[in-house]
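Presented below is the structure to which this report refers.
The values are calculated or read from the model by the stated rules, or taken from the named source; none is laboratory data. Fair warning: this is a prediction, and the values are worked out from it, not measured in the lab. We place every Cβ from the backbone using ideal geometry, glycine too, and count neighbours over all the protein chains shown. For accessibility, only protein heavy atoms count, side chains too; no ligands or nucleic acids. Shrake-Rupley method; radii C 1.70, N 1.55, O 1.52, S 1.80 Å.
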Amino acid sequence: MRHGSALLNVIDVEATCWDGQPPPGSVNEIIEIGLTVVDVSERRRVSRHRVLVRPARSAVSDFCAELTGLTQAEVERGVTFAEACRILVEEYEAGERPWASWGEYDRRQFARQSRADGVAYPFGHPTERTHTNAKAVFAAAYGLRKKPGMDHALQIAGLSLEGRHHRGEDDAWNIAALVLDLLGRGAWPVTAAVAWSRSSLPDLARRATPGTPPLTPRGGGSAR
C-alpha cells in the first residue's frame, strides 16, 4: 500500500576513543553526527548531512584520528553538544521523526551525554520510542545468529561501501542503503514512520526539500 511521504533519519555518530583506557578525566564524547534522510514511502535516500561537535571533556587521540579521519583541530571548529541537539530537533525534527542507527550504541551515547551535559535528549522519551536498531532488523531478516558490523552487512546484501568507514556522514549514508535493502525485502518496521507521517504530512511538505546529494568506546562509533 502506498502512503504519503514518511521520512526517517538514519544517524551514525563518531566519538572520542582510545586504544585502551581513556586518559584520567576523559570520557567518550560525540564528535561527529552523520545523518541521512530516507523517504520510506519512496524508498530513496533524500539527503545527507554532517554536524561536527566540539568535545568538552576529551580530545581526539591519535588512535581516534586514524580510525575516523577527524582531527582535534577539525572538531574544535564544531558546535557544542547542546547546539548539535538543537540542530537535530529544529532542522531534522528529531523529537518526532523516527530514526535508526546500526545497533544501540548511538542511542545510548546520546542518552549518556545528554545526562552528563544537562541537555535535553533530542529524540524524546523514552529513549527507544522512535528508534529502530537496524543491525537487529538486518540480522533477523537474513537469518543471522550474530549481528554483523555495517561493512560486513553491506557485503552480505551485495552492496558496495560508499566513502570511508568510521566517518559518520558516510556510515549513515551506507546504513541508509541497508535500510532500503530491508524495505525492499519487506523487513523494515514502517508502522511508526507511516503513522507519524500521516499526522505531520502538511509540515513535511513545507519543510522537507528532497534533493540528490553530491555526495563502543574503543571503536569511536557504532557501525562496526
Check on Ala120, farther than 24 Å from Val190 by Cα, assigned to a helix (DSSP H, G or I) and either among the hydrophobic types (A, V, I, L, M, F, W, C) or touching a helix residue (DSSP H, G or I) at 6+ places or on another chain (Cβ under 6 Å) (or both): no
task: Name the single residue, out of those in region 85-121 being of a type in the set (Gly, Ala, Ser) and over 13 Å from the mean Cα position of the chain (by Cα), that is surrounded by the fewest Cβ atoms within 10 Å (Cβ to Cβ).
output: Gly118
field: Scan of region 145-162 for residues that are open to solvent by 60 Å² or more (accessible area, probe 1.4 Å) and not in a helix (DSSP H, G or I), ordered by number
entry: Arg145, Lys146, Lys147, Gly158, Leu159, Ser160, Leu161, Glu162
message: Which count do you get for residues in region 16-30 that are in a strand (DSSP E or B) and closer than 11 Å to Ser61 by Cβ?
response: 0
statement: Across (1) modelled with pLDDT of 95 or more; (2) part of a loop (DSSP other than H, G, I, E, B); (3) more than 24 Å from Glu128 (Cα to Cα); (4) aliphatic (A, V, I, L, M), Leu67 clears everything bar (2)
query: Which condition does Ala140 not pass, out of (1) under 25 Å from Leu70 (Cβ atoms); (2) part of a helix (DSSP H, G or I); (3) open to solvent by 10 Å² or more (accessible area, probe 1.4 Å), if it passes all the others?
result: (1)
- prompt: Could you say whether any residue in region 166-175 is modelled with pLDDT of 95 or more and small (Gly, Ala, Ser)?
  reply: yes
task: Find all pairs meeting these conditions: Cβ atoms under 9 angstrom apart; at least six residues apart or on different chains; first residue within region 106-129 and closer than 18 Å to Ala172 by Cα and modelled with pLDDT of 95 or more; second residue among the β-branched types (Val, Ile, Thr) and assigned to a loop (DSSP other than H, G, I, E, B).
output: Arg107/Thr127; Arg108/Thr127; Phe110/Thr127; Phe123/Thr130
message: Can you report the number of residues in region 12-44 which are open to solvent by 20 Å² or more (accessible area, probe 1.4 Å) and of a type in the set (Asp, Glu)?
response: 2
